[in-house]
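Notes for the one structure printed next.
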Amino acid sequence: MSIPPQDLSYLETLKSQLRESLHLDLDDYGLDELSRGEFSNTFLGIQLHTAFQPIYDSEAGDLFGHEAFLRPSLGGVQEVSPHFAFYYAEQSGKLVKFDRVSRTLHVLNFRQLHAENGLLFLNVHTKLLASVNAHGKVFERILHSNSVPTNRVVIEIQESAVDQEKPLVEAVENYRDRGYKIAIDGFGSKHSNLDRLWTLSPDFVKLDIQLIQEAERNPRVRKIIPKLLGIISDLGTQPVIQGIETQTQFDIAIESGASLLQGYFLGKPVTAKELQPVSVFKPTIRVAA
């Protein structure tokens, strides 16, 4: 099926804007619109797609935002992990550009979901934190050129993966100065540092996925979660329970006092064209007898 002339014109204009902002050759970027409103691209021979997983607000009974995930493949056929794709980019000496391309793709597809509402949660590669100042400027231009304000973007940082305190603090300060929101991801793992929450004062803290899953099997862990949520809330930070995969885990999360929830039980990561605007929180709360 041929692409309408007006769509070709729009795509070429978009490529021109991205070339100026990303400082990439279009042959390297390979931006394409697979269907109306859904973009993909090819970088270093790896085809890239975006998948979004919803995050719900149980108190408001509505959608709160989406976390973007990279779905890479070779030749559009053989799926590979995001870890492999980023490692390959790093070995090729193009990690920064690959990260920019990936996050730009997420932004282009995010625009198709909710024009005015909801936050976009984006993971940042820990090895790029040292260069976050210049990197943040480039990404800010991408956001503004696509009418997405920085205050709708949540930068997720895997706190336990960063050994040195100084680059982590500087990265958070640089992002926050530009209006981004900050989330600490995977908190509650064995390597988590509670003192860092005081230092970083993130907007969100996402609990380690294994916590809610272990709570389903272990009553002791189930009792710990409400206390952990209380500590996070006392810091003025919103906790997020992620990794919810069963009704029981969902019930535990609700009973623990959590309001922001994420997991396969609530919604799997899917492409932008598969997502429909959601106005009602679908999962039901079972009342214990």
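The values are calculated or read from the model by the stated rules, or taken from the named source; none is laboratory data. Computed from a prediction, not measured in an experiment: that's the story for all the values here. No Cβ is skipped: glycine too gets one built from the backbone with ideal geometry, and neighbour counts run over all protein chains shown. All accessible areas refer to the heavy atoms of the entire protein, side chains included, with ligands and DNA or RNA removed. Shrake-Rupley method; radii C 1.70, N 1.55, O 1.52, S 1.80 Å.
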### Message
Contact list please: Cβ distance under 6 Å, first residue in segment 153-181 and touching a residue at least 60 places away in the same chain (Cβ under 8 Å), second residue part of a strand (DSSP E or B) and polar (S, T, N, Q), pairs at least six apart or on different chains.
### Response
Glu156/Asn123
### Task
Within segment 82-111, count every residue that is surrounded by fewer than 17 Cβ atoms within 10 Å (Cβ to Cβ), more than 20 Å from Gln262 (Cβ to Cβ) and touching a strand residue (DSSP E or B) at 6+ places or on another chain (Cβ under 9 Å).
1
### Members of segment 72-113 found to be assigned to a helix (DSSP H, G or I) and without any contact (Cβ under 8 Å) to a residue 12 or more places away in the chain, listed by number
His83, Tyr87, Gln91
### Query
Quick check: is even one residue across segment 157-170 more than 23 Å from Pro239 (Cα to Cα), modelled with pLDDT of 80 or more and open to solvent by less than 40 Å² (accessible area, probe 1.4 Å)?
no
## Note on the structure
Given (1) within 28 Å of Gly179 (Cα to Cα); (2) in contact with a Lys or Arg (Cβ under 8 Å, 6 or more places away or on another chain), Ile252 misses just (1)
### Message
Given the condition farther than 23 Å from Gly65 by Cβ and surrounded by 20 or more Cβ atoms within 10 Å (Cβ to Cβ), answer yes or no: does some residue in segment 175-194 qualify?
### Response
no
### Query
Given (1) modelled with pLDDT under 80; (2) surrounded by 21 or more Cβ atoms within 10 Å (Cβ to Cβ), where does Leu119 come up short, assuming only one miss?
(1)
### Message
When the residues of segment 122-156 are narrowed to those that are assigned to a helix (DSSP H, G or I) and β-branched (Val, Ile, Thr), which ends up modelled with the lowest pLDDT?
### Response
Val132
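Hey, among the residues in segment 234-243 that are open to solvent by less than 60 Å² (accessible area, probe 1.4 Å) and out of contact with any strand residue (DSSP E or B) (no Cβ under 6 Å at 6 or more places or on another chain), which one's modelled with the highest pLDDT?
Filtering segment 234-243 down to residues open to solvent by less than 60 Å² (accessible area, probe 1.4 Å) leaves 235, 237, 239-243.
From what is left, the residues that are out of contact with any strand residue (DSSP E or B) (no Cβ under 6 Å at 6 or more places or on another chain) are 235, 243.
Details: Leu235: 91, Gly243: 96.
Among those residues, the one meeting the criterion is Gly243.
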